[in-house]
Amino acid sequence: MQIKGLILHAREEFVKEHFGEEAWESVLDALTEEDRSILKDIVITGKWYPFEVGEHLDNAIVEVLGGGDESVFEEVGAKSAKRSLTKVHRSFLTPGDPQAFMRKADMIYKFYYDTGRREYEETGKNSGVLTTFDAETYSAPDCLTVVGWYKEALVMCGARNVKVVEDECRAKGGSCCRYRFSWEI
C-alpha cells in the first residue's frame, strides 16, 4: 500500500512547527538510513510513497517527541486538513453542509491512499459512521490522523462540537476501522 507525500509532508510541518527544526532532525535520526534517504529530500506531496515509511515516521515521532503517547497524531491530522483543504483540496469542502462533505469520503480516500476504500453512512441529521475497508496496511497513529483530519474538516464545513468515537480499529484487532461522528450546527 502507498500513501501520498502530502501525508508525510504534513507530519514534517507539524514537527517543525511545534517542536522545531532540531526535533525533526532527531526524528529522522531515529529512522533507518533507507527511510531517512526518502524523507531527507523534500517530499513531493503528490507522489506516492510506501505506507511503511509513514508508519516508521509515526513510530519515531511517538518515540522521540511523544514519550510513547500517540494522541499527538489527532493534532497532526487536523493540521493536515487545514493545509490541504485550504489549498489543493479545497473543492472537497461544502461550507454549511457537513453531511455533503462526509458523503465524499470514498473519493477523498482515493486521493490519499492507493488501496482500500472508505464508506460513509449517515445515521442522523448531524451524525454518521465512517468505515475504512480493505486497506493492506494500517496503524493506530494513522487512524488518529484520520480522526483529526475529519474533525477539522467538519469544523471547516460549519460543524461545532464535533465528537468521534472509534468503534473498531484494525491496528487493535478489528476487521475494519470504524468511527462514529456527531456534531452540532
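The values are calculated or read from the model by the stated rules, or taken from the named source; none is laboratory data. It should be emphasised that the depicted structure is a prediction, and the values quoted were computed from it without experimental measurement. Positions of Cβ are generated from backbone atoms using ideal geometry, with glycine treated the same way; all protein chains shown enter the neighbour counts.
For the reader, a short list of remarks on this structure follows.
- Selection count where residues are under 20 Å from Leu85 (Cβ atoms) and either in contact with a strand residue (DSSP E or B) (Cβ under 9 Å, 6 or more places away or on another chain) or at pLDDT below 85 (or both), scope the stretch 1-12: 7
- Number of positions in the stretch 150-166 that are within 15 Å of Tyr120 (Cα to Cα) and either crowded, with 21+ Cβ neighbours inside 10 Å or at pLDDT 95 or above (or both): 6
- Tyr138 free of Cβ contacts under 8 Å to residues at least 60 places away in the same chain and either of a type in the set (D, E, K, R) or surrounded by 15 or more Cβ atoms within 10 Å (Cβ to Cβ) (or both): yes
- For the stretch 35-79, residues that are of a type in the set (Val, Ile, Thr), under 20 Å from Lys110 (Cβ atoms) and loosely packed, with under 15 Cβ neighbours inside 10 Å total 1.
- Total residues in the stretch 1-18, condition in a helix (DSSP H, G or I), surrounded by 13 or more Cβ atoms within 10 Å (Cβ to Cβ) and not small (Gly, Ala, Ser): 11
- Yes/no for Thr132 being farther than 16 Å from Leu8 by Cα, of a type in the set (Ser, Thr, Tyr) and crowded, with 19+ Cβ neighbours inside 10 Å: yes
- Residue within the stretch 19-34 that is on the phi < 0 side of the Ramachandran plot, surrounded by fewer than 21 Cβ atoms within 10 Å (Cβ to Cβ) and under 13 Å from the mean Cα position of the chain (by Cα) present: no
- When Ala140 is tested against (1) within 19 Å of Gln99 (Cβ to Cβ); (2) of a type in the set (A, V, I, L, M, F, W, C); (3) under 16 Å from the mean Cα position of the chain (by Cα), only condition (1) is not met.
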